[in-house]
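One structure is given below, encoded as structure tokens.
Read-outs: derived from the displayed coordinates by stated rules, not from any lab. This structure is a prediction, so every number in the text was calculated from the model and none was measured. For neighbour counting, all protein chains shown are included, and Cβ atoms are generated from backbone atoms with ideal geometry for every residue, glycine included.
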Amino acid sequence: MGERSLKRSKMEQEDEESHLRDEEEEEEGEDQMTEEALILLLGKLENEVHTYKSKVKNAEKKINKTKEMLGRLRSKKVESSGKKPVLNIPPKILSKSTLASSSSSSSSSSSSSSSSDRNSVPKPSKHEFATHKKKTEENKRPRPLQEVNSDRNSVPKPSNHEIAHERNSGENKMLGFSQDVNTCKRPKLLNFNASHLFSSQHKRKLRCLELCPTDDTLFATSALDGSINLWEVQSFTDKSRASLLYSFDFLSPKERKWPEDIAWHPQGKCIFSVHTADKNESQVAMINITQTGTKNTIFLEGKPHLKGLINRITFMPWVNQSPCFATCGSDHAVVLWKESEQNNSWTHQILHRDFHSSAVTAAFGPQNKEAVLSVGMDKRVVLYDLGTERCEFKFVLDAKCLNVLPNPADSNLYMVQLGVPEKQLRLFDMREKQKEVHGFGWKQDRSECQSALVSPAWSPDGWQVSTGSADNFIHFFDIRYKSNVPSQSLKAHNKRVFKAVWHPTFPLLISISSDLNIGLHNYH
């Protein structure tokens, strides 16, 4: 009995030692895995979750649209038979209760016949509504890079083989996107089947057009009359329509200057504008469109810019727990603004004022790193790293830089708009620094002067670019097309076209022009 127990204890000791060795080997393997690889894998998983959520959202929109079509069809049948239909349609939870209530008052005559049917449907409780709204806002808000780093220890760690596979697949995907640029012999053409022009309700020339990031039915326009108009697209069929919801006064308090540029808060709750820094004027304004009965514009206290116009305001995609945006102006400065915990309070930080020798016209933040890339009238392109607080790279182009836009699909690709005819748009890869990937543009018959008010826009898939022109046309460029001329052009307005933006979910373009009209263009 003593020998058997001794053998059993030895075997148990050997098993424990082998188990400890296995755990040590696993820990060594885990230590070998780089932080970069884990972040890459997490990024891919988050992208997959975002893709599935987008598919669910699109499916829900199709369901609601089908139910509306079914309701209209049944109502037509009932009108002919004289009976009242009973529709078993669940209530739709709106994310903009204030706007819905105001818009319903303008269309009360058309909705009065169906109000009794909606009242018979059980409404969600306050707890269910609050839970749904909280989950929706959390899902729409992008996760910051620091949050990913803090959570990486709680995620199951993959094997070395899985990490290598994910790294290679991610690099090949991005490399494949850039490799397809400027390679195709034939462009992808858009088939426009209907265009609708209507009054912008502005008294002077339009200046800006921006889509709401959280509600695909809303967009805002600004003009030289100092007002910002909020619009709602009511139909996404072959003949789209839009109605005016609100008009806000954004004139500066002292000199009564109009907004030079506008931007939406990433959560879609506020609209921001930038003005001028002359005569100690208020530089940044905002208004919360979700507060009931609020139409007063709030001007931020900070005045970091020294003089001249503030040309651009752009929200950053790499939010650190709270949203932030960058402003750039004629005083050569790029300023970063961060939202504080106090209500309507923002702090500012001057990133640099010496890297540009002339007015800074535009800036944006790359999705894959905390940095700000800016361009200016001095022909310079500057990438400033916030972590190291230094200039990562800087180079000079052959013409004045009017604007810069990041590609929505490839975080390394960006487009610079130049003030030179026939090659106004240039594509660059951030990994190649100053190497030009592609260049294209259009010829203007009326004027050789390139206006900074004419702005380009990316399509949601990142393959196409739309831009206005002084010749009343909207020009389109397929970046895969091996040519430096437009792949197609659309005569959209009677005067200069300032901008044409792509709707994120429907085949629709929205344009503004100096003819004081807004254009809705449906395509296939």
*Report, by chain and number, residues whose modeled amide H sits under 5 Å from the one on Arg241, excluding near sequence neighbours (fewer than 5 apart, same chain).*
Gln234, Ser235
*Could you give the length gained on full extension between Phe393 and Gln488, defined as 0.36 nm per residue of separation minus the Cα-Cα distance, in nm?*
30.7 nm
*In terms of the ratio Rg/(2.2 N^0.38 Å) built on C-alpha atoms, what value belongs to the stretch 469-524?*
1.16
*Any idea what log10 I(q)/I(0) is at q = 0.11 Å⁻¹ for the stretch 237-384, Debye with uniform C-alpha scatterers and no solvent?*
-0.43
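Using the alpha carbons of the stretch 334-412, what is the convex hull volume per residue in cubic angstrom, as a whole number? Could you put the intermediate results ahead of the total?
Values: hull volume 9.4 nm³, N = 79.
Enclosed volume per residue, from the Cα hull, is 119 Å³.
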*Using amide H atoms built 1.01 Å from N in the peptide plane, name the residues 5+ places from Lys257, or on other chains, whose amide H lies under 5 Å from its own.*
Ser252
*Taking the simple approach of a point 7 Å from Cα along Cα-to-Cβ for both Asp215 and Lys203, what is their distance in nm?*
2.7 nm
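If you take the alpha carbon radius of gyration of the stretch 202-271 and divide it by 2.2 N^0.38 Å, what ratio comes out, to two decimals? Can you show the working numbers first?
Values: Rg = 12.8 Å, N = 70, 2.2 N^0.38 = 11.1 Å.
Ratio of Cα Rg to 2.2 N^0.38 Å: 1.16.
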_Distance between modelled label sites at Val420 and Glu341, nm, 7 Å Cα→Cβ extension_ = 5.1 nm
_Residue by residue through the stretch 57-67, what is 3J(HN,Hα) from phi via Karplus (6.51 cos²θ - 1.76 cosθ + 1.60, θ = phi - 60°)? Round to whole Hz and write x for glycine and proline._
5, 5, 5, 5, 5, 5, 5, 5, 5, 5, 5
*Given 4 °C and 1.567 mPa s, how large is the Stokes-Einstein diffusion coefficient of the stretch 369-461 in µm²/s, with Rh as the Kirkwood radius over Cα pairs?*
93 µm²/s
*At 7 Å along the Cα-to-beta-carbon direction for both Asp278 and Gln349, put a label point, then send me their distance in nm to one decimal.*
3.2 nm
*Taking amide hydrogens as modeled 1.01 Å from N in the peptide plane, which residues meet the under 5 Å criterion relative to Leu386, leaving out close sequence neighbours?*
Ala371, Val372
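Determine the alpha carbon to alpha carbon distance for each of Lys257/Lys307; Lys279/Lys307; Lys443/Lys499; Lys400/Lys435; Lys443/Lys495; Lys257/Lys499 and list only those over 19 Å.
Working: Lys257/Lys307 14 Å; Lys279/Lys307 8 Å; Lys443/Lys499 17 Å; Lys400/Lys435 17 Å; Lys443/Lys495 16 Å; Lys257/Lys499 22 Å.
Beyond 19 Å between Cα atoms: Lys257/Lys499.
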*Which ³J(HN,Hα) values in Hz, rounded to whole numbers, follow from the phi angles of the stretch 219-231 under the Karplus curve 6.51 cos²θ - 1.76 cosθ + 1.60, where θ = phi - 60° and Gly and Pro get x?*
8, 10, 10, 10, 8, 6, 7, x, 9, 10, 9, 9, 10
_Label point 7 Å beyond Cα of Tyr52 along Cβ direction - residues of the stretch 456-487 with amide nitrogen under 16 Å_ = none
*asked:* As a test of the definition: which semi-axes, in Å, follow for the stretch 424-524 when you take the square root of five times each eigenvalue of its alpha carbon gyration tensor? Largest first, please.
replied: 23, 17, 11
